[in-house]
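Novice: Shown below is the structure under consideration.
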Amino acid sequence: MSGLHFVIQVLVFSIIIFFLSGRLIGSQVNLFRRILSVVLSVALTTFVFWYTYVRGTDYLTGDVVENVMNVTTLLWVGSMLLLSMLFYLLFELFDPIAIDQNGARIKERKSFIMRMIQQWRRQKRLRQVVQIAVTNGITRTVKYARNRDNDRELAIALRDTLEQCGGIFIKFGQVLSTRKELFSPVFIDELEKLQQNVKPLTEEQVNAVLLANLAQPVEEVFSYFSKEPLAAASIGQVHKAVLRSTNEQVAVKLLRPDVKEIMRDDLSILVEFAQWVSSKSVWAENLGFRDLAIGFASSLMEEIDFHIEARNTQQVANVLRGSEYKVHIPKIHTQYSNANILVMEYVEGKSVAQADALYEQFRIDRHLLAKNLFHSFLEQALVSGIFHADPHPGNIYIASRSGMMTMLDFGAVGRLAEKQQDGLKQFLIGIALSDAAVVYEGIAELVENAAEVDEEEMEQAIGQVLLKITYAENVHTDELIYSIFSIVREFGLHFYPSVSTALRALVTLDGTLSTIDPKFAIFEEARAFSSHYIEASMKRPFKEPLATKNRLEEELALILPAIRKIPRRMNRMFKKMESGKVILHHDVFSDKHNAMFVMQLFSRFVLLFVGITFGIISVALLAISQFMHTAYAIYLNTVAYVGLFLCAILLVRLSIQAIRDMKRM
């Protein structure tokens, strides 16, 4: 057989190994990695086979069928198969690509070369970030922050690291500076020093954004458009304009070009950096530093889609439409807005922190204004479940023409489910009453794993915090919430992300209310709001009899079919009880997910048991063959090696499936 025939033989074996390995590894196999693993295994085993057996023999000139049936050739092919699976196992182990619930990789549109270039850039940027962190002493200072998180040295190192990394990292630090419920004052003081100097878009860039996102020419949409921005930020900037069709003054918010791609790359690096910091410090891990980065990334990805901000604004406007607490929400001109441009009503006025002249002009009572703002926020959060998540003074304006309070910037909006609304009500009322039991009941509705803690022990800890504020004056909300958060973390509990957003918004709002009325007590007002809301709910049926009648009819229409079935069901139940046929049982397999989990676990256990059995039997056969001096020893050895080969195949497949399960989790 010539060298050409040997090459053909290698190609045929490669194709066979390609299909066999794919079947043995399982479904949803990545094609590129599958080909690469086969190529590497064939190249390595062929070189070893040629160097140890073919070289210097008549293998290349022998009979093809005889060579194929040769024991050495079979070992060569078996090694190809096993090694290709091992290579794939190695690729799967170090593959960072996520997979979905069906085991399939989340596909990307970019080509392999572009992904490799992007991965190289990301790794280069990540190394740069880590190097900056190490230079500033992050790795040194986190060791001393495991038990005390008020270490100024760590706070300075964290601020310097975020500042030198720039871009998204500075914005992340600015967001962390608002998390007074999580970080001690020394961290807040340092992070508040972060400043981001953003250059406004050029006139050419502004024209390009308008041209790309308006259905009509700029001159046909706006009779006036100021090229000088009212405000510029890292995500976008705002311009003043006048609509040609209605002659209304509007604010036009433009998204910066390429900001989505830049943020997508930097946000992934930020999450990896947060994971690295958490791996170096128990303090950062308990704080949920990585979760903070993930939450920041997800909220920022929403902020760069103006469709979401427009929808949020309209939702809050609908919530407050019939409210007794008058807060104005700017109108959104949806016909001119899309994901990259937002056209809204222009509000001329001053921030509540700079509106002293307007307070005097319109004779605004500061306490009533703060009360109106706070009750409006509670109505949003505790009644409708949709609330403004960033109510800092810059987002609360007093209109210079009407004196009405206006909320701006709904890029960040929180949402609370009904159960969480009730829990937050109990939490606020419990603090106002200094009742640790009520506070605990509220927290139990707001955390993910309340059943895992000792109720009495946690109540004692909460009671200690409440005792510190019972007879004190001017208790700062951020300090109180920070103390409660610390207790929650110490007991290994975690607030739901939406609850953390609500508490953060509450702390931010407290700072805004303090600028309006320094003596405003939010917990007492929360208690008053709850009493007022309950009283109003009791009176509503008498004030709105027609609406109450319609609501009762709707409820009756829903429950009437079930009520009609109750007598028959009770009759059948009594008959079964009389005949002794009532059996109470809980079927684990009644749930589809439970059944699938148990079946997968059982099937893999069977494969593991079979693989280990093959291995044990094969080793036993090899040991027995050592004491045999007849021809039967050859057969025993053959069976033993085949059994070891099958054992290795099964164990490799189980290892790949285990890695995929970890990625899926």
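The values are calculated or read from the model by the stated rules, or taken from the named source; none is laboratory data. These figures come from a predicted structure and were not determined experimentally. Backbone-built Cβ (ideal geometry, glycine too); neighbour counts: all protein chains shown. SASA here: full protein model, heavy atoms, side chains in, ligands and nucleic acids out. Shrake-Rupley method; radii C 1.70, N 1.55, O 1.52, S 1.80 Å.
Novice: Looking only at segment 433-457, which residues are open to solvent by 80 Å² or more (accessible area, probe 1.4 Å) and closer than 16 Å to HIS494 by Cβ?
Specialist: GLU448, ALA451, GLU452 - these are the residues of segment 433-457 that are open to solvent by 80 Å² or more (accessible area, probe 1.4 Å) and closer than 16 Å to HIS494 by Cβ.
Novice: For a quick check of your reading: which helices (runs of 4 or more DSSP H) sit entirely within segment 169-251 and have at least 1 residues that are among the polar types (S, T, N, Q) and open to solvent by 40 Å² or more (accessible area, probe 1.4 Å)?
Specialist: 203-213
Novice: What residue, of ASP454, ASP435, ASP390, is among the acidic types (Asp, Glu) and at pLDDT 85 or above?
Specialist: It is ASP390.
Novice: Here is a further query. Specify the residue that is farthest from THR501 (Cα to Cα); the eligible residues are those in segment 169-200 that are among the hydroxyl-bearing types (Ser, Thr, Tyr) and in contact with an Asp or Glu (Cβ under 7 Å, 6 or more places away or on another chain).
Specialist: SER184
Novice: While we're here: Taking segment 278-326, which residues are among the charged types (D, E, K, R), over 18 Å from SER500 (Cβ atoms) and at pLDDT below 80?
Specialist: LYS280, the sole residue that qualifies.
Novice: Can you tell me which residue among ALA317, ALA284 is buried (at least 18 other Cβ atoms within 10 Å of the Cβ) and among the small types (Gly, Ala, Ser)?
Specialist: One residue alone meets the criteria, ALA284.
Novice: Also: Quick check on segment 393-411: of everything there that is in a strand (DSSP E or B) and either of a type in the set (Val, Ile, Thr) or modelled with pLDDT under 85 (or both), which residue is nearest to ALA297 (Cα to Cα)?
Specialist: Taking the candidates together, the pick is ILE396.
Novice: Restricting the search to segment 401-429, which residues are open to solvent by 40 Å² or more (accessible area, probe 1.4 Å) and farther than 28 Å from TYR440 by Cα?
Specialist: Result: ARG401, SER402, MET404, ASP409.
Novice: I would also like to ask the following. Hey, among the residues in segment 269-281 that are touching a residue at least 24 places away in the same chain (Cβ under 8 Å) and open to solvent by 40 Å² or more (accessible area, probe 1.4 Å), which one's farthest from ASN340 (Cα to Cα)?
Specialist: The qualifying residue farthest from ASN340 (Cα to Cα) is LYS280.
Novice: Do we have LYS260 as modelled with pLDDT under 85 and open to solvent by 10 Å² or more (accessible area, probe 1.4 Å) here?
Specialist: So LYS260 fits the description; yes.
Novice: Among the residues of segment 329-365, write down those that are closer than 15 Å to MET407 by Cα and of a type in the set (Phe, Trp, Tyr).
Specialist: The answer is TYR346, and nothing else.
Novice: Give, as residue ranges, the helices (runs of 4 or more DSSP H) completely inside segment 279-331 that count at least 3 residues that are within 16 Å of the chain's Cα centre (by Cα).
Specialist: 289-303
Novice: Against the definition (surrounded by 22 or more Cβ atoms within 10 Å (Cβ to Cβ), under 33 Å from the mean Cα position of the chain (by Cα), without any contact (Cβ under 8 Å) to a residue 60 or more places away in the chain and under 28 Å from LEU300 (Cβ atoms)), how does SER376 come out, yes or no?
Specialist: Here the answer is yes, as SER376 does meet what is asked.
Let's see how each residue does on (1) among the charged types (D, E, K, R); (2) modelled with pLDDT of 70 or more:
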residue	(1), (2)
ARG569	yes, yes
LYS575	yes, yes
LYS581	yes, no
HIS586	no, no
LYS592	yes, no
PHE597	no, no
ILE612	no, yes
VAL619	no, yes
LEU622	no, yes
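This table checks each residue for (1) in a helix (DSSP H, G or I); (2) closer than 19 Å to ILE462 by Cα; (3) touching a strand residue (DSSP E or B) at 6+ places or on another chain (Cβ under 8 Å).
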| residue | (1), (2), (3) |
| --- | --- |
| ARG489 | yes, yes, no |
| LEU503 | yes, yes, yes |
| VAL507 | yes, yes, no |
| GLY511 | yes, no, no |
| SER514 | yes, no, no |
| PHE520 | no, no, no |
| GLU525 | yes, no, no |
| PHE529 | yes, no, no |
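Novice: In segment 463-483, how many residues are at pLDDT 80 or above and under 23 Å from ALA417 (Cβ atoms)?
Specialist: Residues meeting the conditions: 0.
Novice: Do the conditions hold for GLY385, that is, is it more than 18 Å from ASP510 (Cα to Cα), at pLDDT 85 or above and under 27 Å from the mean Cα position of the chain (by Cα)?
Specialist: Yes: the conditions hold for GLY385.
Novice: Taking ASP390 as meeting all but one of (1) under 18 Å from ALA370 (Cα atoms); (2) in contact with a helix residue (DSSP H, G or I) (Cβ under 8 Å, 6 or more places away or on another chain); (3) open to solvent by less than 10 Å² (accessible area, probe 1.4 Å), write down the number of the exception.
Specialist: (3) is the only condition that ASP390 fails.
Novice: Would you say LYS253 is modelled with pLDDT of 90 or more, over 26 Å from the mean Cα position of the chain (by Cα) and of a type in the set (Lys, Arg)?
Specialist: Here the answer is yes, as LYS253 does meet what is asked.
Novice: Mind checking which residues of segment 155-168 are aliphatic (A, V, I, L, M) and either surrounded by fewer than 17 Cβ atoms within 10 Å (Cβ to Cβ) or within 25 Å of PRO497 (Cβ to Cβ) (or both)?
Specialist: Scanning segment 155-168 gives ALA155, LEU158, LEU162, ILE168.
Novice: Go through segment 432-446 residue by residue and tally those that are more than 15 Å from LEU480 (Cβ to Cβ) and in a loop (DSSP other than H, G, I, E, B).
Specialist: Selection size over segment 432-446: 0.
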